[in-house]
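Structure first, commentary second.
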Amino acid sequence: MTKRQPGTDRLEPRTVVAAALRLLDDQGLDAVSTRAVAGLLGVRMNTVLWHVKTKSRLLELMADAVVADIPLDGLPEAAPQRARELMRRYRAALLRHRDGAALVAGTYAAEPATLRFADAVVAALTRGGATPRQAAWTLSALVYFTLGLTQEEQGATGADESRLRAAVAAGSYPALAEAVGHLVEGTFDERFEDGLDRILTWPAG
């Protein structure tokens, strides 16, 4: 019979994860540690570690909990719109938590909710005619694009257009000189939708 740590009976892994997410929302990803979570719960750090083993494991469970909030019902029937809607919901789930994209991007969460979401996207893509390989690679492109854009969005403090224009003008960047005005135009919503269009209409490889 396994001997339990004192105080673990009143805790479950999901309680620890929920506390860690509260800490994330209040103070940001840098503040998340097993010690800080223990302090928030009023228990010893060893009690937290009993349930999540390591900080890396805690972050994986947190990332999966973020994805678990994505509803997979009420989706459009048409495959392209279905994939787009799933990615919109993915981005919304990331934005609901401070540093949500940075959290998820920093983990390899082969966990139930993450796998269910990935399965739903792959199913939508294959329904639209993609081969399993095309669907898998398109899923990767969609997820990496969404994580990167959302990290930029959550960390943005305002684009310094004048500084960018001055830097381009000061060097030999002829192509950028023509395009520089477009680098800072548009909202994150607009850039996200444009990126989805580009990925989902890219010629199959």
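Quick notes on this structure:
- In the chain the Cα-Cα distances spread across 10 Å bins starting at 0 as 8, 28, 27, 21, 12, 3, 1, 0 percent of all pairs.
- Largest GNM mean-square fluctuation among Glu60, Glu85, Glu161, using the chain with Cα springs under 10 Å: Glu161.
- Largest-first ellipsoid semi-axes for segment 48-97, taking √(5λ) over the Cα gyration tensor eigenvalues, angstrom: 30, 10, 8
- Rounded percent of accessible protein surface that carbon and sulfur make up, segment 84-205, 1.4 Å probe: 56
- With the helix formula -39500 (n - 2.57) applied to DSSP H stretches of n ≥ 4, the chain reaches a computed 222 nm mean residue ellipticity of -21500 deg cm²/dmol.
- Solvent-accessible surface of segment 1-148, taken per residue with a 1.4 Å probe and all protein chains present: 53 Å².
- Remark: segment 75-165 projects, on average over all directions, an area of 7.4 nm² (convex hull of Cα atoms).
- Between the residues Ala118, Ala36, Thr187, the greatest Cα displacement towards the positive end of the dipole of the chain, with unit charges on the Cβ of Lys, Arg, Asp and Glu, is found for Ala36.
- Nearest-10 value in Å² for the accessible area of His97, using the 1.4 Å probe: 20
- Listed residues Ala135, Ala110, Ala156, most fluctuating in the chain (Gaussian network, C-alpha, under 10 Å): Ala156
- A Förster distance of 35 Å, applied to the separation of the beta-carbon atoms of Lys53 and Glu185, puts the FRET efficiency at 0.15.
- Accessible area, probe 1.4 Å, largest first, for residues Glu178, Glu111: Glu178, Glu111
- Counting 0.36 nm for each residue step from Arg96 to Glu12 and taking away their Cα separation leaves a gain of 27.9 nm.
- Residue-span extension gain [Asp197 to Arg116] - 0.36 nm each, minus C-alpha spacing: 26.8 nm
- Axial C-alpha extent at least 27 Å, average Kyte-Doolittle at least -0.5 - helices from the chain (DSSP): 132-155
- With all protein chains modelled, accessible area of Leu149 [1.4 Å, Å²]: 20
- Heavy atoms of Ser56: accessible area, 1.4 Å probe, square angstrom to 10: 80
The values are calculated or read from the model by the stated rules, or taken from the named source; none is laboratory data. None of these values were measured; they are calculated from a predicted model. Cβ atoms come from the backbone with ideal geometry, glycine included; neighbour counts cover every protein chain shown. Protein only, heavy atoms only, side chains kept; ligands, DNA and RNA dropped before computing areas. Shrake-Rupley method; radii C 1.70, N 1.55, O 1.52, S 1.80 Å.
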